[in-house]
Each structure stands twice: as C-alpha cells, then as structure tokens.
1. Quick one: Karplus J couplings for the range 111-118, per residue in order, coefficients 6.51, -1.76, 1.60, θ = phi - 60°, nearest Hz, x for Gly and Pro?
2. Counting only heavy atoms of the protein chains, get the accessible area per residue of the range 46-110 (1.4 Å probe) and round it to a whole Å² value.
3. Given H placed 1.01 Å from N in the peptide plane, which residues other than close sequence neighbours of Leu33 have an amide H under 5 Å from its amide H?
4. Grab the beta carbon distance between Arg108 and Ile55, set R0 = 25 Å, and tell me the FRET efficiency rounded to 0.05.
5. Multiplying the sequence separation of Glu117 and Thr79 by 0.36 nm and subtracting their Cα-Cα distance, what value in nm do you get?
6. Starting from the Cα-Cα distance between Leu95 and Arg130, subtract it from 0.36 nm times their residue separation and give me the gain in nm to one decimal.
7. I'd like the Karplus ³J(HN,Hα) series for the range 35-49: coefficients 6.51, -1.76, 1.60, θ = phi - 60°, whole numbers in Hz, and an x wherever there's a Gly or Pro.
8. Let me spell out the model: positive unit charges on the Cβ of Lys and Arg, negative unit charges on the Cβ of Asp and Glu, origin at the Cα centre of the range 27-99. What dipole size does that give, in debye rounded to 20?
Amino acid sequence: LQGDWSSDVCSSDLSQYFDLHHLNPLPEDGPPLTYSEMVNRARGQATTALDAYYIDAWLDLEQVAQRLEQSARLLPKATHIPEAFKTKVEPEAQLLRQDAVKLHEAARAKNATQVNETLQRINQRIRQLRPAEPTDLEKK
C-alpha cells in the first residue's frame with residue numbers, strides 16, 4: 001500500500017488483525033475456559049469484528065461472527081462463573097449467540113447498517129456479562 005495515511009492504518013490494522021489468538025476456534029471437546037477468559041475472548045472477537053467492519057473486510061467479519069457464535073455457545077460451560085451470573089449466563093449467552101448469527105448474515109449480505117446495529121447490541125451484551133471484580137483465580 002502506498003502513500004496516504006489511511007492505507008497505512010489499514011495495512012497496520014490488517015496485519016495485527018490476523019495475529020489475534022481469539023480468532024482461532026476452540027476445540028469442541030477441549031477443557032472449558034474460565035468465565036473471565038470466555039468473556040474476554042468474546043470481547044476481543046467483538047473488537048476484531050468492529051475492525052473488520054471498519055475496513056469492509058466482509059469475509060473476515062463473517063469468520064469472526066462464527067467464532068463469536070462458538071464463544072457464546074460455550075460460555076455457559078465455562079468454569080468459575082461468578083455467583084451473580086450463574087442464573088443469567090445461559091439466557092444471556094443465547095441472546096449473544098443469536099446476535100452473532102445475525103452479524104454473520106449481515107456481513108454475508110454486506111449490510112453495513114445491520115452490521116453496525118448488531119455490533120452495538122453485541123458490545124452491550126458482552127459489557128453486561130463482564131465480571132464486576134477479578135475472581136480469586138485471576139488475582140494469582
């Protein structure tokens with residue numbers, strides 16, 4: 001990419017974008033992650049989705065949406081779920097999963113308005129799922 005500032009930013013963002021570990025799918029039969037790890041994973045995926053949307057990387061956005069859907073599906077299986085979230089993690093994860101599917105569909109259709117609205121809901125859901133304070137496991 002040559003010359004202007006915007007192409008330098010996109011080039012830099014794109015190379016960083018593909019190095020993010022939270023884009024790798026989790027093994028379906030692997031050991032569960034902690035609740036905080038899963039929420040942070042979803043947060044990273046939502047951030048990456050926003051980056052892909054910003055540069056019109058539609059295929060990448062579709063892939064990130066699929067990873068986010070997996071994270072939402074596996075979230076209720078996480079370990080160390082804070083007491084305050086034990087009863088609401090399942091329904092909230094289901095709503096997040098539905099939004100991830102909608103994000104995938106909107107990205108496939110290259111519907112920028114729908115992607116934007118869905119990303120806003122996703123980010124709000126993830127924010128509501130974040131633990132209030134670090135668990136004992138995270139303090140170590």
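The values are calculated or read from the model by the stated rules, or taken from the named source; none is laboratory data. Quick caveat, the model's predicted, so the values are computed rather than measured. Quick reminder, even Gly has a Cβ in these numbers, built from the backbone with ideal geometry, and neighbours come from all protein chains shown. The protein model used for the area step is the full one, side chains on, heavy atoms only, and it has no ligands, DNA or RNA in it. Shrake-Rupley method; radii C 1.70, N 1.55, O 1.52, S 1.80 Å.
1. 8, 4, 4, 5, 4, 4, 5, 5
2. Values: 3370 Å² over 65 residues.
Normalised by residue count, the accessible surface of the range 46-110 is 52 Å².
3. Amide H neighbours of Leu33: Thr79.
4. For R0 = 25 Å, the calculated efficiency reads 0.90.
5. 10.6 nm
6. 11.1 nm
7. Karplus-based 3J(HN,Hα) across the range 35-49 equals 4, 4, 5, 5, 5, 5, 4, 4, 5, x, 5, 5, 5, 5, 4 Hz.
8. Numbers: 8 positive and 12 negative charges, 60 e Å.
Magnitude of the dipole: close to 280 debye.
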